[in-house]
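Notes follow once the structure below has been shown.
The values are calculated or read from the model by the stated rules, or taken from the named source; none is laboratory data. What you are looking at is a predicted structure, and each value in this text was computed from that prediction instead of being measured. Here the Cβ positions follow ideal geometry from the backbone for every residue, glycine too, while neighbour counts run over all protein chains shown. Side chains included, ligands, DNA and RNA excluded: accessible areas come from the protein's heavy atoms. Shrake-Rupley method; radii C 1.70, N 1.55, O 1.52, S 1.80 Å.
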Amino acid sequence: MSARLLASEAPPKPAFPVADLHVHLSPQLSIEQALELGKERQVQLGILEHPGPGYKIQTDAELKQYIDGLRKYPVRVGLQPVYAGWSKSFSKGALDQLDYVLMDALTLPRSDGSWLAIWQIDTMVDDEDEFMAGYMKFIEQVLTSEPIDIFGWPTFLPVPIARHYSRLWTPARVGRIIELAQARKIAIEINEVAHVPDENFVLAAKRAGLKFTLGTDARNQNAAHFYYCYQIAQKCGLTEADMFAPKRK
Ligand SMILES: [Zn+2]
């Protein structure tokens, strides 16, 4: 297939200013490389880092160092907490320096105090209904009690049940997520790597007046590279007014 044909099949870049608000720096992606990709692809960037146990940001001082280190670059600076209750480790003053916080509901607390990371490819689901009930409970917890601006990876399903997306995301469940996000003005991430949420969810959320962000969740040259997100933006007729753009603090 010719490059020209491929190019004509790719969804167009939206007419509004595009930002990839889900970029992780890594040994494969320096801030300079990320900025270069953003420039090439005409996409603004938001950088995320994880706080908490096992990660390098655990104190106010470490958070401040992270934010200050990125302030000389033209990027938004955010945090992607993984564990519920994470914000207790930081003062409000320190958290207020962040441009935004994005959190997903993919690391489910278990009753024994451990965690179930449902994005992992070997996640097992014995009972679909039981899983969905527990998942919804955690989503509700994240959307009602975590101090966040963006709900990441919305409606992602673990591999063994992913093909049942349309059946499992019932109007009631979708409606509940939208209602909770609406109550606290939490934006919805359209996630490039997971291809979530689907068109129906985005249209329903749009009707409810929710705002959206686009994110690759990339730690490499895939940063700022959108296909699914542009496709959804086109299909759902998203405009600049539908997008959430965090302000620089
Ligand atoms: Zn991430």
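Which of the residues belonging to the stretch 206-249 are of a type in the set (A, V, I, L, M, F, W, C) and without any contact (Cβ under 8 Å) to a residue 24 or more places away in the chain?
Across the stretch 206-249, the qualifying residue is only 241.
Wholly within the stretch 25-114, which helices (runs of 4 or more DSSP H) include no fewer than the required count, namely at least 1 residues that are within 14 Å of the ligand (Cβ to nearest atom) and in contact (Cβ under 8 Å) with a residue 24 or more places away in the chain?
31-41
Listed residues 88, 56, 13; which is at pLDDT 95 or above, farther than 18 Å from residue 227 by Cβ and open to solvent by 40 Å² or more (accessible area, probe 1.4 Å)?
88
Among what's in the stretch 147-167 and is in a loop (DSSP other than H, G, I, E, B) and out of contact with any Pro (no Cβ under 7 Å at 6 or more places or on another chain), pick the residue that is surrounded by the most Cβ atoms within 10 Å (Cβ to Cβ).
Here the answer is 148.
List the number of the failed condition for residue 133; all other conditions in (1) crowded, with 17+ Cβ neighbours inside 10 Å; (2) over 20 Å from residue 26 (Cβ atoms) hold.
Condition (1) is where residue 133 drops out.
Within the bounds of the stretch 181-190, is there any residue that is out of contact with any helix residue (DSSP H, G or I) (no Cβ under 8 Å at 6 or more places or on another chain) and either crowded, with 16+ Cβ neighbours inside 10 Å or at pLDDT below 95 (or both)?
Yes, that holds for at least one residue.
If I ask for residues that are assigned to a helix (DSSP H, G or I) and open to solvent by 80 Å² or more (accessible area, probe 1.4 Å), which ones from the stretch 119-130 would you list?
Matches in the stretch 119-130: 129, 130.
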